[in-house]
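**Student:** Dropping a structure here in structure tokens format, bear with me for questions.
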Amino acid sequence: MSRRIVISAAAGAVVLAGAGAFAFAYAGNQAPVLTHSTVRYTAPGADRAGSLTFTTDVTAPSGVKRVKVLAWPTTSSLAKKAPTAKEMAQAESALCTPSGGHTARCTYRVTVSRADADTTPRGQWYVAVLATAKDSRTTLDTKAANFTV
């Protein structure tokens with residue numbers, strides 16, 4: 001094999017290794033991504049409790065550390081000033097289970113009693129979500145899904 005071919009092959013390997021390292025570093029610097037977010041509200045009946053269930057898929061290259069969820073009515077003060085990441089840190093946690101690769105399926109479910117439903121503001125509601133990756137990067141979506149009460 002000629003010396004030029006060996007040098008060209010070595011240079012090509014260095015370029016490919018550098019591109020791979022850059023791609024790996026870039027992928028590691030991404031914030032969590034929310035996809036397939038859905039919410040379902042079921043009002044309580046005469047003989048059964050109601051429920052609120054929110055589900056989302058969260059993808060983070062470093063893995064998913066936690067997901068916080070807050071449902072809020074459009075008639076609240078949050079309609080003028082959306083919740084911040086600091087405020088969302090105090091919200092309730094969703095239960096996350098691995099669903100392949102760097103993705104987790106996260107579900108938040110709460111029972112709605114008749115008393116809760118009677119005092120709940122009617123109209124449109126939003127679900128705010130704060131997703132935190134294992135590398136501490138965060139994504140805040142204050143209107144990840146909506147539903148009507």
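The values are calculated or read from the model by the stated rules, or taken from the named source; none is laboratory data. These figures come from a predicted structure and were not determined experimentally. Please note: Cβ atoms are built from the backbone with ideal geometry, for glycine as well, and neighbour counts cover all protein chains shown. For accessibility, only protein heavy atoms count, side chains too; no ligands or nucleic acids. Shrake-Rupley method; radii C 1.70, N 1.55, O 1.52, S 1.80 Å.
**Student:** Hey, any hits in region 127-137 for a residue that's more than 23 Å from Asn29 (Cβ to Cβ) and in contact with a Phe, Trp or Tyr (Cβ under 7 Å, 6 or more places away or on another chain)?
**Tutor:** For region 127-137, residues more than 23 Å from Asn29 (Cβ to Cβ) and in contact with a Phe, Trp or Tyr (Cβ under 7 Å, 6 or more places away or on another chain): present.
**Student:** Here is a follow-up. Looking at region 83-94, I want the residues that are within 17 Å of Thr107 (Cβ to Cβ) and have a partner that is open to solvent by 70 Å² or more (accessible area, probe 1.4 Å) and of a type in the set (Lys, Arg) with Cβ atoms under 9 Å, at least 6 apart or on another chain. Which pairs are those?
**Tutor:** Qualifying pairs under 9 Å: Ser93/Arg66; Ala94/Arg66; Ala94/Arg109.
**Student:** State which residue is modelled with the lowest pLDDT when the search covers only region 3-47 and only residues that are over 14 Å from the mean Cα position of the chain (by Cα) and hydroxyl-bearing (Ser, Thr, Tyr).
**Tutor:** In this case the residue turns out to be Tyr26.
**Student:** Looking only at region 117-142, count every residue that is open to solvent by 30 Å² or more (accessible area, probe 1.4 Å) and either part of a loop (DSSP other than H, G, I, E, B) or free of Cβ contacts under 8 Å to residues at least 40 places away in the same chain (or both) and tell me the total.
**Tutor:** Residues in region 117-142 being open to solvent by 30 Å² or more (accessible area, probe 1.4 Å) and either part of a loop (DSSP other than H, G, I, E, B) or free of Cβ contacts under 8 Å to residues at least 40 places away in the same chain (or both): 9 in total.
**Student:** Another question, if that's okay. Of all residues in region 42-60, which are among the charged types (D, E, K, R) and crowded, with 16+ Cβ neighbours inside 10 Å?
**Tutor:** Asp57
**Student:** What single numbered condition from (1) modelled with pLDDT under 95; (2) among the small types (Gly, Ala, Ser); (3) in contact with a helix residue (DSSP H, G or I) (Cβ under 9 Å, 6 or more places away or on another chain) fails to hold for Gly50?
**Tutor:** The number of the failed condition is (1).
**Student:** Give region 95-115 a look and list any residue that's surrounded by fewer than 15 Cβ atoms within 10 Å (Cβ to Cβ) and in contact (Cβ under 8 Å) with a residue 60 or more places away in the chain, or say none.
**Tutor:** Selection gives Thr111, Ser113, Arg114.
**Student:** Got a number for residues in region 105-120 being closer than 30 Å to Pro32 by Cβ and modelled with pLDDT of 95 or more?
**Tutor:** 8
**Student:** Return the pair list, or none, for Cβ contacts closer than 6 Å from residues in region 61-79 that are under 12 Å from Val129 (Cβ atoms) and open to solvent by less than 50 Å² (accessible area, probe 1.4 Å) to residues that are assigned to a strand (DSSP E or B) and of a type in the set (Phe, Trp, Tyr), at least 6 apart or on different chains.
**Tutor:** Val69/Phe54; Val69/Tyr108; Ala71/Trp125; Trp72/Tyr126
**Student:** Just a yes or no: is a residue in region 130-137 of a type in the set (Gly, Ala, Ser) and under 21 Å from Thr74 (Cα atoms)?
**Tutor:** no
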